[in-house]
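The values are calculated or read from the model by the stated rules, or taken from the named source; none is laboratory data. Note that the structure is a prediction, hence the values are computed from the model and not measured. Note that each Cβ is placed from the backbone with ideal geometry, even for glycine, and that neighbours are counted across all protein chains shown. What goes into the accessible areas is simple: the full protein's heavy atoms, side chains included, and nothing from ligands, DNA or RNA. Shrake-Rupley method; radii C 1.70, N 1.55, O 1.52, S 1.80 Å.
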Amino acid sequence: MRAVVMDRIGEPVVVREVPDPTPPAGGVVVRVHATGLCRSDWHAWAGHDDVALPHVPGHELAGVVVEVGAGVERWAVGDRVTVPFVCGCGRCEHCRSGNAQVCPQQEQPGFTHWGSFAELVALHAADTNLVAVPEGVSFAAAASLGCRFATAFRALTARARLEAGEWLTVVGTGGVGLSAVMIAKALGARVVAVDRHQVALDAASALGADHVLLATGPTTDGVLPDGLPGSDVPARVHELTGGGSQVAVDAVGSEQTCADSVLSLRRRGRHVQVGLLPPVGGHPRVPMARVIGWELDLLGSHGMAAADYPAMLALIASGALRPQQLIERVVGLDEAAALLPVFDRASPAGMTMIDPLRG
Ligand SMILES: [Zn+2]
Ligand SMILES: [Zn+2]
C-alpha cells in the first residue's frame with residue numbers, strides 16, 4: 001500500500017510503498033476513505049510522543065472493513081466504520097464500564113502502531129472500538145469525529161456539563177475549537193471565540209460565535225497576577241460576559257492559552273484542557289491561586305469512547321450538528337506529507353482532510 005512514512009523524527013516525510021497490514025486477533029483492516037490532519041500528528045512528527053520508526057501517522061479516520069481478524073463478532077467485510085483515536089482493549093474495568101478513552105492498555109492508530117495516512121490501517125479490539133457510519137454520513141464527516149469533534153463533544157457535555165444560556169470561552173479556533181463552537185451553539189450556550197488568526201475567527205463567527213477576540217500575545221499590562229504567561233484575553237472576556245464565562249476550553253495546548261482559559265472563567269467556573277500539553281519544555285505553570293480562590297474546576301478530556309458515539313451521531317443525523325462544515329479542504333497523501341512538518345504554523349480555517357485514494 002501507499003503510505004506517508006516518517007523515517008526520522010522532525011525530518012521531511014515521504015509517500016512510499018510499504019507492506020499491507022494484517023488484522024490483529026480481535027481486530028480488522030480498514031480501507032481508508034478519509035483521514036484528518038491534526039495537530040497531534042504534528043506532535044508525533046516533532047518527537048513529543050514515543051513512536052517506533054519508521055512510522056505512519058494518522059488517527060482520525062473512516063473507511064470500509066476489508067479484512068476481519070480471528071474472534072471478531074460484530075463486524076464484517078464491507079462495513080462502513082470509524083473509530084475513536086483511543087482504542088480500548090475491550091477487557092479491562094474501564095472498557096467494560098464504557099470508558100475505553102482511558103484504557104490503560106489502549107492502542108492509538110498513528111501513535112502506538114501505524115496509522116491512517118495510508119490506503120489501509122489495522123485497528124484493534126474491533127468489537128469494542130468500531131462505530132458504524134450511517135449511509136447518510138460521509139466518510140469525511142465521520143473521520144472528523146474520531147479525534148477533534150468527539151473530543152469537543154465530550155469535553156462540553158460529559159466533562160464540563162455546559163448548559164443553555166451559559167457562556168463558553170474557546171481559546172483557539174482550529175479544528176477542535178471550531179467543533180466546540182458548533183456544539184456549544186447547538187446546546188444553546190453563548191460563545192466567546194479567541195484566536196491569533198482573523199481567518200479562524202471568521203470561521204467561528206460563521207458558526208455562530210457571539211463574540212470573537214483576536215489574541216495578540218502576552219502582555220505586561222498588569223491585568224494578570226505576577227509572572228503569569230497570560231495575555232489581555234481574560235480581561236476582555238470578563239468585560240464581554242459580565243464577570244467571566246462559566247466554562248472555558250483551551251483548544252490549543254500551551255502555557256499561555258491554558259492560563260488565558262483558566263483566567264477567563266467566572267467564579268466557580270469549569271476549565272477543560274483539550275489541547276495537548278506534552279511537558280517538552282517542563283510542565284506548564286497553571287494559575288492555581290485563582291483556581292483555589294474562585295473554586296474553579298480543572299477538567300481533562302481525552303477523546304470519547306465508541307460507546308458514547310450514538311448520542312452524537314443522532315445529533316448529526318438530525319442535522320443539529322454538521323461536522324462536514326468544519327472541513328476546509330481535502331488533499332491527497334503527497335500534499336499531506338508536505339503539510340505535516342509545518343502544521344504547527346498552519347492557520348487553516350477548519351479541518352484538513354486527506355483522501356488516500358487521490359494519490
Ligand atoms: Zn487528532
Ligand atoms: Zn481496556
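The residues of segment 327-359 that are closer than 20 Å to Gln198 by Cβ and among the basic types (Lys, Arg), listed by number, are Arg329, Arg345.
Contact map, segment 101-113: residues that are over 15 Å from Val30 (Cα atoms) paired with residues that are within 10 Å of ligand 2 (Cβ to nearest atom) and open to solvent by 40 Å² or more (accessible area, probe 1.4 Å), Cβ distance under 6 Å, separation 6+ or inter-chain. Pairs shown: Val102/His94; Cys103/His94.
Could you tell me which of the residues Arg2, Arg8, Arg16 is under 24 Å from Leu277 (Cα atoms) and of a type in the set (D, E, K, R)?
Arg8
Confirm whether Pro23 is over 29 Å from Ala251 (Cβ atoms), over 19 Å from the mean Cα position of the chain (by Cα) and in contact (Cβ under 8 Å) with a residue 40 or more places away in the chain. Spelling it out, Pro23 is indeed over 29 Å from Ala251 (Cβ atoms), over 19 Å from the mean Cα position of the chain (by Cα) and in contact (Cβ under 8 Å) with a residue 40 or more places away in the chain. Selection of segment 186-202 for residues being assigned to a helix (DSSP H, G or I) and within 19 Å of the chain's Cα centre (by Cα) yields Ala186, Ala200, Leu201.
Filtering segment 63-70 for residues that are more than 16 Å from ligand 1 (Cβ to nearest atom), of a type in the set (A, V, I, L, M, F, W, C) and free of Cβ contacts under 8 Å to residues at least 12 places away in the same chain leaves an empty set.
Here Asp260 passes the criteria (1) without any contact (Cβ under 8 Å) to a residue 60 or more places away in the chain; (2) under 21 Å from the mean Cα position of the chain (by Cα) except the one numbered (1). All of (1) open to solvent by 50 Å² or more (accessible area, probe 1.4 Å); (2) touching a residue at least 24 places away in the same chain (Cβ under 8 Å); (3) not hydrophobic (A, V, I, L, M, F, W, C) hold for Thr352 with one exception: (1).
Based on what the data block shows, is Asp260 open to solvent by less than 40 Å² (accessible area, probe 1.4 Å) and under 30 Å from Cys95 (Cβ atoms)? When the stated conditions are applied, Asp260 does not pass them. Reported count of residues in segment 103-123, each being in contact with a His (Cβ under 8 Å, 6 or more places away or on another chain), in a loop (DSSP other than H, G, I, E, B), open to solvent by 50 Å² or more (accessible area, probe 1.4 Å) and within 16 Å of ligand 2 (Cβ to nearest atom), is 1.
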